[in-house]
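One structure is given here, and the rest of the page talks about it.
Each value in this text was obtained by applying a stated rule to the coordinates, not by laboratory testing. Keep in mind the model is a prediction, meaning the values are calculated, not measured. With ideal geometry, Cβ positions are generated from the backbone for all residues, glycine too; neighbour counts draw on all protein chains shown.
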Amino acid sequence: MDEADNFNFNKYWGPDDYRPRVVFKRGSDMQCVYCGEPANTREHCPSKVFLTKPYPSDLPVVPACERCNNGFSSDELYTKAFVEAYEHHCSYKSKTKLSERKEVMEAQRKFEECVSSGEIHFDDKIARILIKLAVCHITYELTTGFHTDSWEGIPEYVSYTFRPNMTTEEIDSWDDFIPMNDNILPVIGSRAFNQIYVLEPVMSATEGTGEITRPFAVMDWIDVQNDNYRYVCWLDGIYIHVKVAIDEFMYAKAVFKHKDN
Ligand SMILES: [Zn+2]
């Protein structure tokens, strides 16, 4: 009998309907969300480098192996430093003071190269971190393990852009609720399900316009920390979509696909 069988869930977590999903218990046989190896640490997602103090007390946590948990921090600092270098360039007030670590210097150098060449190059380190963030948000919100037979943590695509390169319409569309339909309603009981709103249009606003008057469901963003980090993820048929906004300055999207299709 393994340890999970011995663990008295009823005693600690109450009735079925309210019982949270255990994503980590020290010494249990949890899998690392990134590589599938046994997890012996827990990791905050997003990492604190993307947030400012005081940190939210209820940061999402996912199980990770020690190698993955430590293996991303250098590129995470690099990513944050790149965003800040760009913000600084645009005279945005910096919220944090990053230390003079080599990752920070490297990110500043890379950003300067982009400025000289007149375009922001796609950066593999940043993409690696965006994929990593997407995987932990999906695992946490949609209760989808990545290391199963049907899913893999390899995205169909990942893309990102920065506020100065977006039109007003593009920025506005980032804030939209995600419309839901029967295909994409999250699993009842998953965390994402709590982000669903059912909205009913006001009659006077839609009368004679031919607009929808029936109630409709949408999914809202999850604000981890105001102005610093928010995300939303949803399942649509064979695809999982994730959107992340960092500092309200960098906007990223990743899409993952079901393995069998
Ligand atoms: Zn791992």
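Over 19 Å between Cα atoms, which of K80/K110; K93/K125; K53/K97; K53/K80 qualify?
The answer is K93/K125.
Within segment 115-134, find all residues whose amide N lies under 20 Å from a label point positioned 7 Å from the Cα of H89 along Cα-to-beta-carbon.
Zone members listed by number: 115-130.
If each residue's Cβ is checked for other Cβ atoms within 10 Å, how do V33, V158 rank with the fewest at the top?
In order of increasing Cβ crowding within 10 Å: V158, V33.
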